[in-house]
Amino acid sequence: MARASEQSAPSGSGGAMEPPPDIFDAQALDLEFWLRPRTIDVIRPASKERAKLLYWKDGEIIESAYQDLCHIMRDVNGGNEARTIDPKLFETLWGTQAFVQRYGIEAPLEILSGYRTAASNQKLREAGVPAARQSLHMVGRAADIRIANLNSEVLGGLVKSFRQGGVGFYYRAGPKGGWIHADTGLQRTWKG
Ligand SMILES: [Zn+2]
């Protein structure tokens with residue numbers, strides 16, 4: 001599939017790749033994409049864990065891998081409590097990663113925040129970290145993510161194009177450049 005925009009992609013490897021946003025539209029994905037086995041490669045910077053898990057195949061969730069994923073998404077800052085995570089959230093996270101992998105972006109998906117206990121969410125609020133009072137993190141329906149070498153505006157735009165829920169854009173100065181909040185609640189976007 002030749003696209004004019006691909007010609008401007010940097011050749012070679014190792015450099016930051018920023019494919020043009022116009023090609024980051026999940027609605028352009030075909031059925032074949034959605035029927036593929038789903039392996040997600042995630043990292044938790046806070047606990048330095050990394051896992052590459054095949055959690056969905058032939059239309060069904062692979063229970064053991066799904067449980068491992070839920071564990072990875074646990075509240076690493078609040079007593080390591082875990083809970084069931086909405087499979088729809090994993091669908092968006094996997095879809096996002098599988099999408100950018102097509103453009104040579106192989107970095108793991110960084111999970112900055114997954115499930116949060118109410119106490120842990122409150123602690124963040126008190127520390128001035130942006131966290132909603134009724135955060136969907138507290139019910140296993142939200143994640144704050146980042147992908148190395150991927151501009152957060154491009155990442156957020158892609159997550160939004162899945163039309164699976166809310167997307168928050170948290171831009172920050174510095175080498176890490178912020179993060180994207182993705183949830184499976186109402187479809188809406190905001191900047192925080
Ligand atoms: Zn969040």
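Just so you know, all these numbers are worked out from the coordinates, no wet-lab data involved. None of the values given here were measured: they were computed from a predicted structure.
Measure out, as a whole number of angstrom, how far apart the alpha-carbon centroids of the stretch 23-57 and the stretch 102-168 sit. For the stretch 23-57 versus the stretch 102-168, the Cα centre distance is 15 Å. Counting only Cα atoms, the chain measures 50, 41, 31 Å along its principal axes, largest extent leading. Percentage of Cα-Cα pair distances in the stretch 40-90 greater than 12 Å, rounded to whole percent? It works out to 64 percent of all Cα pairs. Excluding same-chain neighbours fewer than eight residues apart, the aspartates and glutamates reachable from K191 by a Cα-Cα span under 19 Å are D144, E153, D183. Which whole-number percent gives the relative contact order of the stretch 25-191, counting Cα pairs below 8 Å spaced six or more residues apart? For the stretch 25-191, the relative contact order is 20 percent.
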